[in-house]
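Have a look at the structure below before the remarks.
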Amino acid sequence: AQKVTQAQTEISVVEKEDVTLDCVYETRDTTYYLFWYKQPPSGELVFLIRRNSFDEQNEISGRYSWNFQKSTSSFNFTITASQVVDSAVYFCALSGTSGNTPLVFGKGTRLSVIA
Amino acid sequence: EAQVTQNPRYLITVTGKKLTVTCSQNMNHEYMSWYRQDPGLGLRQIYYSMNVEVTDKGDVPEGYKVSRKEKRNFPLILESPSPNQTSLYFCASSTHPGVPNTEAFFGQGTRLTVV
């Protein structure tokens, strides 16, 4: 069975601090995808990134960066110089590559960035 | 513009009164699914469909029905809603999960309250 664990339920940081959101996953698949989604207070789900299991390169997009480590089954997300607009719930998710494998979500981490 | 449209966005209903939440996508995606989001539980899959007339249960299907008569539409039906189905519901669509670079597009969510 697939499982995603986001151990941090809530995090508060002061604006301009860096913050890392942890994601640990379990899967028996050899090929899989990992995702991060952002859910702002308005409620919609915003896609941030997808990572294929065979590509362990870290990725940076502006203030966002992702650290994928297959050896520890982790896919952590770092926000550099956080801003108030980063306040949201962030979900890590895992998907297999066959047709009947759903997108499995972690329980989410609520990030509050205080001005 | 690529989008997944859910209706209604908000709904308050009474126990036992049948309701349907509609979902429509304009991307010609094969794969569609329904999730519910509850505090502390993240998003859990209710039902999914891999193509027209092909549907299957997710993790929490009890009390729900779906149909997929056309590729673009995937309605969620609650034949006899109960208060424990009060939740935030998301519809999602994507290309086949096995396709590289697949990404799930989510609707804006439907907040359902059953009293």
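A few comments on the model shown:
- Of the candidates A:ILE60, A:ILE79, A:ILE114, the single residue that is among the β-branched types (Val, Ile, Thr), out of contact with any Pro (no Cβ under 9 Å at 6 or more places or on another chain) and modelled with pLDDT under 90 is A:ILE60.
- Note on region B:5-64: residues that are of a type in the set (Val, Ile, Thr) and touching a Gly at 6+ places or on another chain (Cβ under 7 Å) amount to 2.
- Filtered by the rule that a residue be more than 13 Å from the chain's Cα centre (by Cα), farther than 17 Å from A:LEU94 by Cα and among the polar types (S, T, N, Q), region A:10-43 gives A:SER12, A:SER42.
- The single condition from (1) without any contact (Cβ under 8 Å) to a residue 12 or more places away in the chain; (2) within 13 Å of chain B (Cβ to nearest Cβ); (3) surrounded by fewer than 14 Cβ atoms within 10 Å (Cβ to Cβ) that A:GLY43 fails is (3).
Residue-wise test of (1) crowded, with 20+ Cβ neighbours inside 10 Å; (2) within 11 Å of chain A (Cβ to nearest Cβ); (3) among the aromatic types (Phe, Trp, Tyr); (4) under 28 Å from A:THR109 (Cβ atoms).
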site	(1), (2), (3), (4)
B:MET32	yes, no, no, yes
B:ASP38	no, yes, no, yes
B:VAL52	no, no, no, no
B:ASP56	no, yes, no, no
B:LYS71	no, no, no, no
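- Filter result (assigned to a strand (DSSP E or B) and open to solvent by less than 30 Å² (accessible area, probe 1.4 Å)) within region A:12-37: A:VAL13, A:VAL19, A:LEU21, A:TYR25, A:TYR33, A:LEU34, A:PHE35, A:TRP36, A:TYR37
- Condition met for A:PHE77 (away from chain B (no Cβ under 11 Å), open to solvent by less than 30 Å² (accessible area, probe 1.4 Å) and farther than 15 Å from A:ASP29 by Cβ): yes
- For region A:46-74, taking the residues that are assigned to a strand (DSSP E or B) and among the charged types (D, E, K, R), the one that is most open to solvent (accessible area, probe 1.4 Å) is identified as A:GLU59.
- In region B:101-109, the condition of being within 19 Å of B:GLN6 (Cα to Cα) and among the β-branched types (Val, Ile, Thr) is met by no residue.
- Residue tally, condition closer than 12 Å to A:ASN76 by Cα and aliphatic (A, V, I, L, M), over region A:7-41: 5
- If you go through region A:2-33 and keep only what is within 14 Å of chain B (Cβ to nearest Cβ) and over 15 Å from B:GLY42 (Cβ atoms), you end up with A:THR27, A:ASP29, A:THR30, A:THR31, A:TYR32, A:TYR33.
- Evaluation of B:LEU78 against (1) over 27 Å from A:THR109 (Cβ atoms); (2) aliphatic (A, V, I, L, M); (3) surrounded by fewer than 17 Cβ atoms within 10 Å (Cβ to Cβ) (one fails), failing number: (3)
- Test: B:THR22 is at pLDDT 95 or above, within 12 Å of the chain's Cα centre (by Cα), in a strand (DSSP E or B) and within 14 Å of chain A (Cβ to nearest Cβ): no
- Checked against (1) exposed (fewer than 15 other Cβ atoms within 10 Å of the Cβ); (2) at positive phi; (3) not polar (S, T, N, Q), B:GLY42 meets all criteria but (1).
The values are calculated or read from the model by the stated rules, or taken from the named source; none is laboratory data. Predicted, not measured: the structure shown is a model, and the values here were computed from it. FYI the Cβ positions are ideal-geometry reconstructions off the backbone, even for glycines, and counts take in every protein chain you see. Ligands, DNA and RNA are stripped out before the accessible areas are found, and what is left, the full protein with its side chains, is counted by its heavy atoms. Shrake-Rupley method; radii C 1.70, N 1.55, O 1.52, S 1.80 Å.
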